[in-house]
Each structure stands twice: as structure tokens, then as C-alpha cells.
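Comments concern the structure below.
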Amino acid sequence: MSSPNILLILVDQHRYDCLGANGHPFVQTPHLDRLAHEGVNFNHAFTPIAVCCPARASLITGLWPVQHGVLFTEMAEAYRPMRTGLPVFPRVLRDAGYYVACAGKWHAGTEGGPLEHGFDEYIPESGYARWREAQGLPPLPRTNGFFGESDPAISAGQSRLAWTTGQALTLLQKARNRGQPFFIMWSPSEPHLPNVVPEPYASLYPPAQVPPWPSFSDPLAGKPYIQRQQRVNWGVDGWTWDQWAPTVARYLGEITLLDEQVGRLLAQLDALGLADD
């Protein structure tokens with residue numbers, strides 16, 4: 001049996017309809033669209049649970065959250081880490097002779113990180129803050145909380161997205177030189193809120209041109225209490241679309257920046273002669 005190389009791109013909080021290939025009217029995602037058109041685009045797929053840590057734990061174990069035990073994120077009162085001793089696919093791949101590496105976010109609700117769950121190498125995205133400081137750049141701005149803002153101090157090439165992509169490119173080169181099959185996971189936090197985005201992406205999509213999503217005015221009558229309560233918890237109850245649109249516009253801008261990083265990874269696969277395997 002052959003052992004094909006695997007590059008897993010795992011992004012966070014990317015809506016299925018915020019892709020050109022999935023019908024978005026104007027967001028620019030040519031590289032992701034290329035993957036959809038040249039490969040398989042699942043249009044009827046569902047997460048086992050719509051919460052970050054439990055979903056990631058299901059990804060690495062292949063189990064339902066009630067089986068691996070992670071039902072909440074670390075910030076929740078009822079959080080507990082994943083049950084120990086469960087089989088995880090990175091260790092299975094390493095045992096099968098793969099070089100297994102990750103750059104970016106882990107957040108799988110486990111005791112220990114990627115190195116304790118089968119990865120040979122892990123470059124956390126937290127290293128970006130140290131790199132940014134070493135370049136003489138100010139910290140990421142956080143004046144608008146979870147709703148994001150522009151990052152005027154950097155270029156797109158100095159963004160966290162670009163930095164973590166650079167780490168993944170390094171891992172690809174290293175894997176190519178090792179002469180063994182590889183599994184590399186690039187797992188950026190983006191486009192998860194808050195979207196702190198450099199120009200020109202922060203202004204790529206003018207808020208006035210971003211239409212409200214069809215259910216924006218839904219009063220949520222007859223729906224679970226928590227859906228209405230979340231508007232209160234977030235302090236957005238009663239917001240108009242004009243108040244929401246700038247956040248959505250930056251989110252879409254960061255998706256296009258993300259797409260360009262996917263393009264860099266695809267180009268590296270071509271340059272290293274790995275694209276066909």
C-alpha cells in the first residue's frame with residue numbers, strides 16, 4: 001500500500017458560504033476555489049459538535065465528544081480534558097513511518113500538546129508575538145475587543161497568518177528532505193474573531209457593500225432561549241446591520257488574506273515536486 005503525503009489545512013470559524021466556490025457573491029478566494037474545483041467539495045457535511053475544543057478532539061480521535069469526554073472549551077465551568085489513553089491519528093501515522101508536524105493552533109482539549117499526541121514537531125502560533133516584538137513591531141491592537149479592527153503597523157506579509165504559513169513552508173521543506181512520507185497540519189486561528197487585519201485587506205470590502213445575511217432580522221421567537229441570550233451576553237442586542245457590517249467586512253478581508261496563504265502553500269508543493277503526491 002502506498003503512503004501518500006498529507007497536508008491538512010485546518011482553519012477556524014470559516015463559514016461554509018464565505019467561499020466563491022460555495023456561492024458567495026464577491027469574496028475573493030481563488031486558491032480555495034481551485035481546491036474545491038480540482039478535488040472534492042463536501043456540501044452536506046456536519047461537525048460532531050459546534051464548539052472548538054470538542055470538535056478538534058473528535059478530529060484527532062475519530063470519536064463523538066461524549067466518547068472522548070471534551071464537551072466545552074477551557075473557559076467553561078464544566079470543561080474537562082480529553083480522556084487519556086485514546087488512540088489518536090497523529091500517533092498512528094508516526095507509527096506507520098510518517099514524519100508528523102504541525103504549525104499553528106492546537107486547542108484540542110487534551111492533557112499535553114501535539115508532541116504528547118504523536119507529532120514529531122510543533123510550531124505554536126504563540127511564537128508570532130515574540131517574532132513581532134523582535135521585528136520592533138507593536139503588539140496586536142485590541143481596542144475593539146472581539147469585534148476586531150485594522151492593524152496599521154504591519155504589512156500583510158507581517159501578519160500572523162503569513163507568519164504561520166512561513167512556518168508551514170519550512171516544515172514542508174524539511175519533510176521533503178527527510179525522504180519519508182509526511183503529515184503536516186497548518187492550523188491558523190484565522191478567520192476566527194477578532195479579525196485584526198492589515199491593509200489592504202481591512203478595507204478590501206467596504207461595509208456599505210456587504211449585505212446582511214438573510215436571517216439577520218430573525219427575532220428568534222420559538223427558538224432556544226440561549227440564542228436570544230447570546231445577543232445580550234455579547235452586548236449586541238438591538239444592533240443594526242450598519243453596526244455589524246464593519247466586523248463582517250474585516251472577516252471577509254481576512255478570508256481573502258487566508259486564501260493567499262493557501263496559494264503560497266500550493267505553490268510550495270509545486271516547487272518541491274510534491275503536488276502530485
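No value in this document is a laboratory result; all are computed from the given coordinates. Model, not experiment: these values are computed from the prediction. Cβ sites come from the backbone with ideal geometry, for glycine too, and all protein chains shown count toward neighbours.
Results, tabulated for the structure shown:
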{"read-out": "Tilt relative to the chain, helix 241-271 - C-alpha long axis, 0 to 90 degrees, to 10", "value": "20"}
{"read-out": "Positive-pole candidate from Met82, Val100, Trp64, dipole of region 63-127, charges at beta carbon", "value": "Trp64"}
{"read-out": "Whole-number D in µm² s⁻¹ for region 72-165, Kirkwood Cα-pair radius fed into Stokes-Einstein, 20 °C, 1.002 mPa s", "value": "134"}
{"read-out": "The chain, Rg to Rh (Cα coordinates; Rh as Kirkwood inverse mean 1/r)", "value": "0.96"}
{"read-out": "For Ile123, residues with placed amide H under 5 Å, excluding near neighbours", "value": "Cys102, Ala103, Gly104"}
{"read-out": "Extended-chain gain in nm, criterion 0.36 nm per residue less alpha-carbon gap, Gln180 and Val236", "value": "15.0 nm"}
{"read-out": "Calculated on alpha-carbon atoms, Rg and Dmax of region 171-272 in Å", "value": "19.6, 59"}
{"read-out": "Assigned charges on the beta-carbon of Lys, Arg, Asp, Glu; region 8-77 dipole about Cα centre (debye)", "value": "120"}
{"read-out": "Peptides 51-59, 250-258 ordered by average Cβ neighbours within 10 Å, highest first", "value": "250-258, 51-59"}
{"read-out": "Magnitude of the charge dipole, the chain, Cβ model with Lys/Arg +1 and Asp/Glu -1, debye to 20", "value": "460"}
{"read-out": "Summed residue charge, Cβ within 13 Å of Val27's Cβ, Lys/Arg positive, Asp/Glu negative", "value": "-3"}
{"read-out": "GNM result for the chain, Cα springs below 10 Å: residue of Ala134, Ala156, Ala168 fluctuating most strongly", "value": "Ala134"}
{"read-out": "Cα gyration tensor category, rounded, prolate or oblate, for region 1-120 with a/c compared to 1.5", "value": "oblate"}
{"read-out": "Computed magnitude of the charge dipole of region 44-105 (debye, nearest 20; Cβ of K, R +1, Cβ of D, E -1)", "value": "120"}
